[in-house]
1. For a quick protection proxy, order the peptides 66-79, 41-54, 5-18 by their average other-Cβ count within 10 Å, most packed first.
2. With only alpha-carbon atoms counted, please give the Rg and Dmax of region 1-74, in Å.
3. Simple spin-label model, 7 Å along Cα-to-Cβ: ASP22 to GLU60 in nm?
4. So between THR138 and SER114, what do we pick up on full extension, going 0.36 nm a residue minus the alpha carbon distance?
5. Can you tell me the FRET efficiency between CYS32 and ASP70 if r is taken as the Cβ-Cβ distance and R0 is 30 Å, rounded to the nearest 0.05?
6. HN-Hα J couplings of region 34-48 from phi, Karplus 6.51/-1.76/1.60, θ = phi - 60°, integer Hz, Gly and Pro as x?
Amino acid sequence: MTLDQGKSLTSLVPSDPRPIIDNGSSTGITVCGCGAGTISGLRLRSSGTGIELDGPATLEDNALEATGPDASLVMVETSSAAIDGNTFEGSGSANGFQLGVAADAPDPVVSDNSFSGLAGGVLVDKQPDKRSDDTTPTFKFSGDLPGSSFRCKLDGAQ
């Protein structure tokens, strides 16, 4: 599903059971570069990327569940993203690396979310441009899960 032109996707059900979007390994919701409104009140199950934010949008009051070993529930590609008051749940699998929020953009606003059973509810705070000749790139990571750890890949290497 693609959202654009300020369109929102909001549940009219005031509480659980929330409407479920189960996208399997496909991206469940993509916000295109022109932006969307608000995505709220949903339960999204994903074994791949649950929501990809290529443009501005607000995610609030959603329940996102990682069902695959390498799921990234929200992938942020824009600095105009607000991710607030969501619940991120993983399967607790020892295999793979389930992630709540992966940011490939500076300064998305991520606040008041809860993370459980994931390898990390992690943000990338600083990274070089996608294409760079810099032989000593600088990365800055932060995480809001106790014991968070970070992995980085450059050109397919670890």
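We did not get these values from a lab; they are worked out from the coordinates using the rules stated. Since the model is a prediction, treat every value here as computed from it, not as a measurement. All Cβ positions, even for glycine, are placed from backbone atoms using ideal geometry, and neighbour counts span all protein chains on display.
1. Result, highest mean first: 41-54, 66-79, 5-18.
2. 11.6, 33
3. Here the modelled spin labels are 3.0 nm apart.
4. 5.8 nm
5. Approximately 0.80, to the nearest 0.05.
6. 6, x, 9, x, 10, 10, 8, x, 10, 10, 10, 10, 8, 9, x
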